[in-house]
């Protein structure tokens, strides 16, 4: 029997990421419904999602105790990089490949979720000791039996 372990940090990041993604998609869909251009809709949705993500990541995932103003600026600045990447990829998918607005958003989200996790873990919510996070003590959360 082989067990696969999932860190508490990664599990909580996945859950908060789902919540944040929900906020992002609801706002994106709402603004598209009101005929706001898709890049503007995405940028507005990004703003709401960044605020939700910061609060959830700070309190629940990375349990940060750094000063909020400097940490939020760092968080938003790094997330802004992924907004730029996301808007470029959306433009490519929609205008160049003629994919649907929602389908494009789904595809592009995979790239941005991975990028956001890496940026948060290694740049925003790191501890002073070599950038290692305090919550990376591995805990058995989801045992998986690999035998069939």
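Taken together, the values in this text are just the output of simple stated rules run on the coordinates, not laboratory data. Keep in mind the model is a prediction, meaning the values are calculated, not measured. Please note: Cβ atoms are built from the backbone with ideal geometry, for glycine as well, and neighbour counts cover all protein chains shown.
The table that follows gives values for the structure above.
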read-out	value
Spacing of the two label points (7 Å from each Cα toward its C-beta) at residue 68 and residue 34, in nm	2.7
Exposure proxy ranking, count of Cβ atoms within 10 Å, fewest first, for 28, 54	54, 28
Convex hull volume of region 1-64 per residue (C-alpha atoms, cubic angstrom)	88
Gain upon complete extension [residue 51, residue 101; 0.36 nm per residue less C-alpha separation]	15.7 nm
Förster radius 25 Å - calculated FRET efficiency between residue 25 and residue 84, Cβ distance, rounded to 0.05	0.80
